[in-house]
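Have a look at the structure below, then the notes.
The values are calculated or read from the model by the stated rules, or taken from the named source; none is laboratory data. Model, not experiment: these values are computed from the prediction. Using ideal geometry, Cβ is built from the backbone for each residue, glycine included, and neighbour counts are taken over all protein chains shown. Accessible surface areas use protein heavy atoms only, side chains included; no ligands, DNA or RNA. Shrake-Rupley method; radii C 1.70, N 1.55, O 1.52, S 1.80 Å.
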Protein chains: 2
Amino acid sequence: MPNTIPLNQEISLSVIKTACSNCNLRELCLPFGLSLEELERLDDLISTRRRIKRGDHLYRAGEAFDSIYAIRSGFFKTDVLLEDGRDQVTGFQMAGELLGLDGISTEHHTCNAIALEDSEICAIPFSRLETLSREIHNLQHHFHKVMSREIVRDHGVMMLLGTMRAEERLAAFLLNLSQRFTARGFSHAEFYLRMTREEIGSYLGLKLETVSRAFSKFQEEGYIAVQQKHIRILNVNGLKALMNHRV
Amino acid sequence: MPNTIPLNQEISLSVIKTACSNCNLRELCLPFGLSLEELERLDDLISTRRRIKRGDHLYRAGEAFDSIYAIRSGFFKTDVLLEDGRDQVTGFQMAGELLGLDGISTEHHTCNAIALEDSEICAIPFSRLETLSREIHNLQHHFHKVMSREIVRDHGVMMLLGTMRAEERLAAFLLNLSQRFTARGFSHAEFYLRMTREEIGSYLGLKLETVSRAFSKFQEEGYIAVQQKHIRILNVNGLKALMNHRV
DNA sequence: GCATCGGCTTGATCCATGTCAACCGAAAAT
DNA sequence: ATTTTCGGTTGACATGGATCAAGCCGATGC
């Protein structure tokens, strides 16, 4: 009987416990590349799992930092607020991705993390992570890679905001989402957006009307089918071409 | 005789050697917060100092990554190139700042680092830095902070590119430079720009003409005096006000 | 079943910034 | 000293996306 959990005490206990070692996201998340024994040591560290309801904050800008968070399920956005009321979405995060890295710098969170659907996170006390990563080379190295990847991702967004036109930005955004859904075993061609047009616009440096118009345009061109938050990508290459050709 | 280097063999040797322990940037750079003994261990790691002439690359996108670099003197820019020829400056770096963090992620550099004036850097072999930071907690923690700070900085740039108007962007840029020069003991009100209008524009997501016009506008308003690359800030609060008031 | 509300779409118009072009001045090359 | 080159400034005009405004649709509440 494959895919069936044997009903003995020992196994059902380990399933209940929050554990990286039996998390199906482990290859996308912090545990990447760890041995079984190393994984078990990481399990000890991640004691808290927490549910965050849609719309609730995981943390707020200004709060003291002490943990980073791995998303076990669900979908988040992070945003930054300026004194004058302007704000900007700095990212959308999905299962297996880490939240809170910005807080290490000043020991206070510098942005807000808000659940866009009911979600579940694993809290990783940062000082314990540092301790453990002194002992497990693979963990240390992978954590450095994750931080670096975040920097590279941010450069990509800067590129997008600095040099791309509205439609290019939206195409890049859709292709990026598609690719991340694929990496999680979901369809690359069909998905639900968890965020509003306004949130997309904020992330892409556009107004919601412009985002809406670009969606309509893509639909007219036959690149995608949109119905509210439901997106089907009909012509990936069309979208890619749109991004790569300087007009 | 304070501030005088005694002329005995041992000390003059250690002065010649590249050494964090007698670098006047140590409080801005990687060695921040280390004890004297820890500093000396860091010295062993940083064996290579290298001069980079104005216009030369420190590294190029695509090259294998093995070191990060601390700027000992001079001024750099980093930029990213897209296949279609578009490029964007992702940052300007000055003495005491680190370059190359983006390369950790894929073990290849993802951007170009180019000297904007004759410069000197310390190469820090990354795998040895990881080894040492397993032993020196302060080093590990500070390095994490530096990476996190880079992420926070990038969020600031995303904010700037996503929500600010041309003049706000330039004001933010000047204030940021001013603040960083101040931290290095230079005047906060008077400095030379090392980069062209085009490079500023690329960084700020603007065309060089727009940058030029904004400089002229600031001068008309009496906020600054510009003469080519020489900038004097005459009214810091004027510039700040310009940034904070939503129009 | 009807009203309300939030999110979305679409149209008309406006404006900030891009584009194109001419010119200037400082610095480098001859 | 003269010419060339490069970076910078400024003006005239074009345009992509913002703004303002109306209306639609699906979900939620009464």
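Quick notes on this structure:
- Of the criteria (1) more than 30 Å from A:THR196 (Cβ to Cβ); (2) touching a strand residue (DSSP E or B) at 6+ places or on another chain (Cβ under 6 Å); (3) within 13 Å of chain B (Cβ to nearest Cβ), which one A:MET158 fails: (1)
- Meets criteria (more than 8 Å from chain A (Cβ to nearest Cβ) and among the charged types (D, E, K, R)) for B:LYS240: yes
- In segment B:137-150 there is at least one residue that is farther than 25 Å from A:THR163 by Cα, among the charged types (D, E, K, R), free of Cβ contacts under 8 Å to residues at least 40 places away in the same chain and at the interface with chain A (Cβ under 9 Å from one of its Cβ atoms).
- Meets criteria (of a type in the set (A, V, I, L, M), buried (at least 16 other Cβ atoms within 10 Å of the Cβ) and within 14 Å of chain B (Cβ to nearest Cβ)) for A:LEU206: yes
- Per-region count, segment A:160-173, residues open to solvent by 10 Å² or more (accessible area, probe 1.4 Å), more than 8 Å from DNA strand D (Cβ to nearest atom) and in contact (Cβ under 8 Å) with a residue 40 or more places away in the chain: 2
- Top-ranked residue in segment B:182-213 [being away from DNA strand C (no atom under 16 Å from the Cβ) and without any contact (Cβ under 8 Å) to a residue 24 or more places away in the chain; ranked as farthest from B:LEU25 (Cα to Cα)]: B:SER187
- Filtered residues of segment A:73-98 (kept if away from chain B (no Cβ under 12 Å) and not basic (Lys, Arg)): A:SER73, A:GLY74, A:PHE75, A:PHE76, A:PHE92, A:GLN93, A:MET94, A:ALA95, A:GLY96, A:GLU97
- Listed by first and then second residue, the pairs linking a residue in segment B:110-134 that is more than 15 Å from B:ALA95 (Cβ to Cβ) to a residue that is open to solvent by less than 30 Å² (accessible area, probe 1.4 Å) and among the charged types (D, E, K, R), with Cβ atoms under 7 Å apart and 6 or more places separating them unless they lie on different chains, are B:THR110/B:ASP102; B:CYS111/B:ASP79; B:CYS111/B:ASP102; B:ASN112/B:ASP79; B:ILE114/B:LYS77.
- Helices (runs of 4 or more DSSP H) fully within segment B:174-247 counting 1 or more residues that are within 15 Å of DNA strand D (Cβ to nearest atom) and of a type outside the set (A, V, I, L, M, F, W, C): B:197-204, B:208-220
- Among the conditions (1) within 16 Å of DNA strand C (Cβ to nearest atom); (2) surrounded by 17 or more Cβ atoms within 10 Å (Cβ to Cβ); (3) of a type in the set (A, V, I, L, M), B:MET147 misses just one, which is (1).
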